[in-house]
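What follows is a single structure, written as structure tokens, with notes after it.
Each value in this text was obtained by applying a stated rule to the coordinates, not by laboratory testing. All of these numbers come straight from a predicted model, not from anything done at the bench.
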Amino acid sequence: MQFEHESGEMREKMNANVEWTILYNLCVMIAVSGALASIGLVLMSTIGASLMALSDIVAITISLR
């Protein structure tokens, strides 16, 4: 009987560990997706600014001809 009681406690501890692992993994995925989204926004704004500067250079070059 004592062995069954101990195995039940072990099962509960393992279930608690699995729950904390799932919660931890979820938090990590949310943090990583937020970081990737912010990197994407920075890259998009940098590319947009570069394209605007390039179009200004082309417009100035055409107007100088």
At 222 nm, what value in deg cm²/dmol follows for the chain if DSSP H runs of at least 4 each add -39500 (n - 2.57) and the sum is divided by all its residues, to the nearest 500? -36500 deg cm²/dmol
What's the angle, to the nearest 10 degrees (0 to 90), between helix 2-64's Cα axis and the longest principal axis of the chain? 0 degrees
